Amino acid sequence: MALSDQLFAQIGIYQQPHEESNYQLVNRLLSTDAQTELYAGVGSYQDQHREKAENYLNQHNVLPNIAASDPEFFRKLFIQHVEKINSQTTNQYKVGDPDTRGTNPEQATITMESFLNKEGAELYRLALEEEMNSKEYREAVFSASTTHYEGEKWSKRAVVIVAGPSSSGKTVSAVQAVKTTAQFMPKVPGDMSGNDVVAVDGGVAREVSQIRKLAIQASIAKGYTGIKDLHEQSAVLGKAKDRVQEALFKTDTGVGVVIPETFSMWIKPLNAIKKLMPRIETLPNTKHVFCRVEGEEPGLFQKVVSFLGSRRAWKTDQFDSEQKFDMNSNQGIPESKAYGASGFKFGDMGSRMAEKWFESNSKDKLRMVVINDMILVKPNPNGQKNSWIPAEQNDKGAIAISKRAFDTWTKNPDPDKKDLKSYSRTSEGRPPPIIKTSAEIDLAIAYQSLINRRLDLLTQRANILNLENKPEKAAMLTKKIDNIELAIKAIESPNLTDKHSVEQSKTQVSNVLKEMQAEGQLAMFFSTTKKALETAISAFDKTSSALENSQEKKAEPAQPLTATPEQQSSSEGIKNFSSFKNNFKSQLMAAKPPPDLSEEVEATAAPSA
């Protein structure tokens, strides 16, 4: 069978990732009005399609064997053009430095017009427009964007923003962000039917496109790492993302939404991104959640993001194997979306500014931080087998791997263990992201401040007893220490997904604050202890507010819930703070302290009540 005939048979036939068909899924999850939004523009395009096809034939003076009335006219012409390019022996990548494609893949790309010629580039845009304006494609994008989460049915719709620079791990983090959000959602008693959540993600629209995949496969077949300007040439696919978002905001079926977003355009006052969160705030029966991705080590984070952006964008290996043409396969296909190094700064800054807007304006105060602990390593050229050292982006053999996974692999004494590159591709080598609520981070800072203050007071008391011999003064310090220890235990003890438990701890810390104020144990103008206690109380308030209506108030202290290993890993510390405090240092590095608290944590070195 000719390649064109094989690919013709695939046109409009997309993968069906769920038990029900793509159409059935759309029909179940979207109201009638919402479906109208999803399909918006399809009818008007189809009305003009034959005229577009005839104009193309007249302009190019060709007589193809495809009728202008064929709704797949441009896609079939593009497939025939790719078949022609593929059969030619010219336009092949000329291998220079054999390491170029592996270490500097950006230098082994080709522009679309250079690869497909001017006519081919035009056909690509027309074929992509034709595909985007088909109902089958819109349904396939919606279906590929949908994930079902088992558990209790939510009585509200969740809309979760996951912010961060391009290639920072937003899409991967989105799954764990939804799972963490579920702990704070109000539930329908007795309904264990679970929840469907749809991602508004331009990456999905690109991955689903058959025409886009075909163009990338054709470039790889010629030895290139990708098409340099493919993203710009594929701008029409952005409309598919918009249609999914509009449909979701229109529907009244309660389907959840997760939106990975770079916010790189936030600094532009009139950019449409400024309207996104205010609009979410107006949606009925909706809980708005904001999540931002940060690096565990800020200096390394940008290097890792740049590395991941490059490796995601371009193919870097296995050029010797024959490239198969399959418009429904993503295997071995790079994104062909060039990573812009300057985009990190704007994405990071825009995400922080958007978070600030959310903190100040959202009626829901549930914020989270995703801690990306990826590092870059390479084989040690002077070391023994399985010896790896820190790497730079373009180093030969460099890979990105979670620091947690790297540490686990390094400590494994088995001489026959998998090599690190293979291990990094396993589930153990790809642990879920660490997610902390903003309240948890505030609690960690308050907790560490109180620990530092307690140690300082213990030293003071020892000096008074041993050097000054003033038991009365030592007794006063003992009372302060006892109160601080009560606050520390209160911060350690709650189940942070149980409203009653959180309120109990808040009351205990509030009582400590009142007691210390009544006893004159706090400095009048600058008190590290007071600030830490107030920060903890505020954090408990935020947690309690996030849990509002998510569960019935209980009359007895709640016991910590049992979590699956995956839940414990992805939201470590949310259910019980004591497991979180042990990882405080890395969490503190990955999060800004509350206003004014940075000075107070430093100030614990100098005695102040």
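Key figures
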quantity: Per-selection metrics, the range 209-250 (Cα): Rg and Dmax in Å; calculated: 13.7, 45
quantity: Largest-first principal axis extents, alpha carbons of the range 374-431, Å; calculated: 26, 24, 15
quantity: Within the chain: Cβ-based charge dipole about Cα centre, in debye rounded to nearest 20 (Lys, Arg +1; Asp, Glu -1); calculated: 1020
quantity: For the range 387-480, size of Cβ-based charge dipole, Lys and Arg +1, Asp and Glu -1, in debye; calculated: 280
quantity: The chain: antiparallel DSSP beta bridges as a percent of all, rounded to 5; calculated: 45
quantity: Residue (of Leu30, Val82, Gly12) at the positive-pole extreme of the range 1-97, dipole from beta-carbon charges; calculated: Val82
quantity: Kirkwood Rh, angstrom, the range 363-520 [1 / mean 1/r, Cα pairs]; calculated: 20.2
quantity: Surface/4 estimate of mean projected area, convex hull on alpha-carbon atoms of the range 241-330, nm²; calculated: 9.9
quantity: Proportion of all alpha-carbon pairs of the chain beyond 44 Å (%); calculated: 30
quantity: Cubic angstrom per residue, convex hull over Cα atoms of the range 114-175; calculated: 156
quantity: Protection proxy ranking of 61-67, 83-89, 537-543 - average other beta-carbon atoms within 10 Å, highest first; calculated: 537-543, 83-89, 61-67
quantity: Options Asn330, Trp154, Leu63, ranked by Cα towards positive dipole end of the chain, top entry (Cβ charges); calculated: Trp154
quantity: Gap separating the Cα centres of the range 521-547 and the range 398-441, nearest whole Å; calculated: 36
quantity: Cα principal axis extents for the range 420-491, largest first, Å; calculated: 64, 27, 13
quantity: Interchain or long-range residues, amide H under 5 Å from Lys287's placed H; calculated: Arg157, Ala158, Val159
quantity: Under 5 Å, built H, 5+ apart or other chain: amide partners of Met368; calculated: Phe290, Cys291, Arg292, Ser438
quantity: Per-peptide average of other Cβ atoms within 10 Å, ordering 242-249, 315-322, 139-146 highest first; calculated: 139-146, 242-249, 315-322
quantity: Ranked His288, His148, criterion: other C-beta atoms within 10 Å, fewest first; calculated: His148, His288
quantity: Helical contribution to [θ] at 222 nm, DSSP H n ≥ 4, -39,500 (n - 2.57), averaged over the chain, rounded to 500; calculated: -15500 deg cm²/dmol
quantity: Dipole magnitude (debye, nearest 20) for the range 374-431, charges at Cβ of Lys, Arg, Asp, Glu; calculated: 100
quantity: Scattering profile of the range 271-397 at q = 0.10, 0.13, 0.20 Å⁻¹ [log10 I(q)/I(0), Debye over alpha-carbon scatterers]; calculated: -0.53, -0.80, -1.17
quantity: Hull volume in cubic angstrom per residue (convex hull over the Cα atoms of the range 129-254); calculated: 126
quantity: Dipole axis of the chain (+1 Lys, Arg; -1 Asp, Glu on Cβ), positive-most option in Val502, Ser209, Met368; calculated: Val502
quantity: Packing rank of 361-367, 345-351, 505-511, 422-428, where each peptide gets the mean count of other beta carbons within 10 Å, highest leading; calculated: 345-351, 505-511, 361-367, 422-428
quantity: Neighbour net charge for Gln6 - beta-carbon separation under 10 angstrom, K R +1, D E -1; calculated: -3
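Computed from the coordinates by the stated procedures, all read-outs in this text should not be read as laboratory data. All values derive from a computational prediction rather than experimental measurement. Please note: Cβ atoms are built from the backbone with ideal geometry, for glycine as well, and neighbour counts cover all protein chains shown.
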